[in-house]
Amino acid sequence: MRRTVALSFVAVCIWAGAAVAATPVQAQPPSETPTGTYAVRLRDLEQRINELKEQIFRSKARLSLLAETVLEGVVGGGQAVIIHENRMSQSYKLVRVVYALDGAPIFTEADEEGSLGEQKEFEIYNGSIVPGEHTLTVNLEYRGHGYGVFAYLKGYRFKVRSTYTFAVPEGRVSTVHVVGYEKGGPTTPLEERPAVRYIERVERQTRPDASGEGSQ
């Protein structure tokens, strides 16, 4: 009897040991590190660096234009005035404006809130320039805007790129109005409506006379 009980006890121990050995050991997940916070800070720093680079690039472009004017000895020899006009309907919100003169950026502005488009007119450039022909490059971006059945317009983006060549005679002021408008009619597709046209006017420069007043 004792031998039978002992054998039974040994069998139970062997079975229990086999069950424990067969049970898989779950691996513990590695401890998490604060890499997410570090990545966010890194992206924020990178964005700030890019913004500073863009500001420096625009400043260098302006200095380059000024240096060219001085080296040519034509300070006051010619003047360019560039004005942007927004004549788009409420269906389009102007969110980004980029201007370049002879390949050099002279104006960059972005505003996703749409307050940029609330300005019907604003100055892009006003300064001395070398007399002769110059090329103006315009990049505009609009965001669709609408309510009710037209709410779907908010998901649309419309981009316009245009170039224009104008001349600045010596001793003259060339004023270029860049007008963003909608071409076509009610049946024109929304993506084909945004367009740009140019209005140019050339006048004599105003110079102070002996009395200190301007003369034409």
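Every number here is computed from the coordinates shown, using simple stated rules; none is lab data. As the structure is a computational prediction, the values presented were derived from the model and not from experiment. Cβ atoms come from the backbone with ideal geometry, glycine included; neighbour counts cover every protein chain shown.
Couple of notes before you dig in:
- Here the 3J(HN,Hα) profile of segment 136-142, calculated from phi with Karplus coefficients 6.51, -1.76 and 1.60 at θ = phi - 60°, is 10, 10, 10, 10, 10, 10, 10 Hz, Gly and Pro shown as x.
- Among the chymotrypsin sites (Phe, Trp or Tyr not before Pro) found in segment 99-204, those both in a DSSP coil and sparsely packed, with 15 or fewer other Cβ atoms within 10 Å of their Cβ, are Tyr147, Tyr156.
- Shown here for segment 157-205: GluC sites (Glu not before Pro) in loop regions (DSSP other than H, G, I, E, B) with at most 14 other Cβ atoms within 10 Å, namely Glu170.
- Estimated vicinal HN-Hα couplings, Hz - segment 156-164 in sequence order (Karplus 6.51, -1.76, 1.60; Gly, Pro = x): 9, 10, 10, 10, 10, 10, 8, 10, 8
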